[in-house]
Every structure is written in C-alpha cells, then in structure tokens.
Amino acid sequence: MQKDKNGVLYLGDGSWGKLRIPKTPEERPYLATVSAAYHMTVHRLEGDQRFHMAIEESGKVADVCMTTNKRPAKRG
C-alpha cells in the first residue's frame, strides 16, 4: 500500500439533501472549500483517469478535478 502525499480526496455535498449552512474550513480543517449552492456532480471514468465536476443549478462550474487510478486495471 502506498500513501498519497496529498492525502485522501473526498468528493461529496455533505448535506445529504437537507438545507443547512455549511461549516467553514476553519470549523472543519479537512475541507478545502465550502459553498451553500445547490449543485450536481458529473464524473467521467476514462482508462485510469477520473474527471470530476460540480455544476451549480445556475450552470456555473463550481469545482473541477482530475484523479488517476493508482491500481492496475482488473482483467478477465
């Protein structure tokens, strides 16, 4: 097992569909950013690359990131 120098990347909305005021990164130091905007996420898996995008209900792109699968693909 290898440790990633950047830690674990968690993608999610954290509210589970409920209206609530988000905690600040000072209150939750493991969060890089917060927003109260409604959004949807789109994920594209292409080979060993993963593309992730959060889009607000207005159509504005709220966040984008790309990750790479570190495990070899299973075959068979």
Point to revise | Filter result (more than 17 Å from Val8 (Cα to Cα), among the hydroxyl-bearing types (Ser, Thr, Tyr) and not in a loop (DSSP other than H, G, I, E, B)) within the stretch 22-73 | key: Thr41
Point to revise | Extreme residue, surrounded by the most Cβ atoms within 10 Å (Cβ to Cβ), among residues of the stretch 35-72 that are closer than 19 Å to Asn6 by Cβ and of a type in the set (Val, Ile, Thr) | key: Thr67
Check your understanding: Looking only at the stretch 44-68, which residues are over 20 Å from Val34 (Cβ atoms) and of a type in the set (Asp, Glu)?
Key -> Glu46, Asp48
Practice item. Count, please, the residues in the stretch 8-43 that happen to be at pLDDT 85 or above, of a type in the set (Val, Ile, Thr) and more than 16 Å from Ala54 (Cα to Cα). Key: 1
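The values are calculated or read from the model by the stated rules, or taken from the named source; none is laboratory data. From a predicted model like this one, the values you see are computed outputs, not experimental measurements. Here the Cβ is made from the backbone with ideal geometry for all residues, glycine too, and neighbour counts use every protein chain on show.
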